Amino acid sequence: RDEAENLIGYIKVAYDATRRKLSEETLIESEADFRAVFHLAGTGKALPDLRTGRLLRVNQKLCDITGYSGEELLAMTIQELTRPEDREQDFAVYKRMLRGEGEYETERRYARNDGSEIWVYINVVALRDERGNPIRATASVIDITGRKQVEEKLKEALAREREARGEAERANRSKDEFIALVSHELRSPLNAILGWAVALRRARDD
């Protein structure tokens, strides 16, 4: 503008934003792919904050496994799903991940919303910031209650089989001991009878 504020021209500044736009589009596509994989996964998925244990994101499969709604899970920590006697172990694992461990897997019991207990397999991988510090994690959860029940039945069957085998072995030992005892009890008087019979045959008629 001139001294009287009349418009007399303009300056136009342009810069190449192609790379930024491509990066934004790639990021949007990656986020869309992540959301699809996360929510359509056949396993329970959760993103817990490593510092607090609070669940930041969950999928429907995890809701089905635990019996809680998505809103209820997002108001909880991952430790609240774990049975009280297992929580100390959970905290120990999270502390190790904060110190640098990148991944862990375990099997443990979860408390469902209806009060029942289920066995789950958990795999947790730490997500890090640009400086390599763990900030949150991605957790995969699989319901293995059916497998655990089969394992328990197999253990019970093996225990019964071992008990039956022990009973059979004890019965065999008792039988052997009885036969040995009867053999001894018969052999002792028969030896005496045989000895006297021989002596009587050799003696005189009187």
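The values are calculated or read from the model by the stated rules, or taken from the named source; none is laboratory data. As the structure is a computational prediction, the values presented were derived from the model and not from experiment. Neighbour counts run over all protein chains shown; Cβ positions are idealised from the backbone, glycine included. Just so you know, the surface numbers come from the protein's heavy atoms only, side chains and all, with ligands and any DNA or RNA stripped out. Shrake-Rupley method; radii C 1.70, N 1.55, O 1.52, S 1.80 Å.
Quick rundown of the values:
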read-out: Distance between modelled label sites at ARG19 and GLU169, nm, 7 Å Cα→Cβ extension; value: 7.6 nm
read-out: Stretch in the chain that is longest and holds no GluC sites (Glu not before Pro) that DSSP places in a loop and that have at most 14 other beta carbons within 10 Å; value: 6-100
read-out: Fraction of accessible area attributable to carbon and sulfur, the chain (%, probe 1.4 Å); value: 54 percent
read-out: Mean ellipticity per residue at 222 nm, deg cm²/dmol - from DSSP H runs of n ≥ 4 across the chain, formula -39500 (n - 2.57); value: -18500 deg cm²/dmol
read-out: Å² per residue, accessible surface of segment 72-206 at 1.4 Å; value: 73 Å²
read-out: Global form of segment 60-206, assessed from the alpha-carbon gyration tensor, a/c cut-off 1.5; value: prolate
read-out: Pairwise FRET efficiency - ILE179 versus ALA203, Cβ, R0 = 35 Å, nearest 0.05; value: 0.45
read-out: Label-to-label distance, nm, for residues given as ALA75 and LEU56 (7 Å Cα→Cβ offset); value: 2.2 nm
read-out: Of LYS61/LYS148; LYS45/LYS153; LYS61/LYS153, pairs whose Cα-Cα distance is over 24 Å; value: LYS45/LYS153; LYS61/LYS153
read-out: Virtual spin-label span in nm between GLN149 and GLU107, 7 Å along Cα→Cβ; value: 1.6 nm
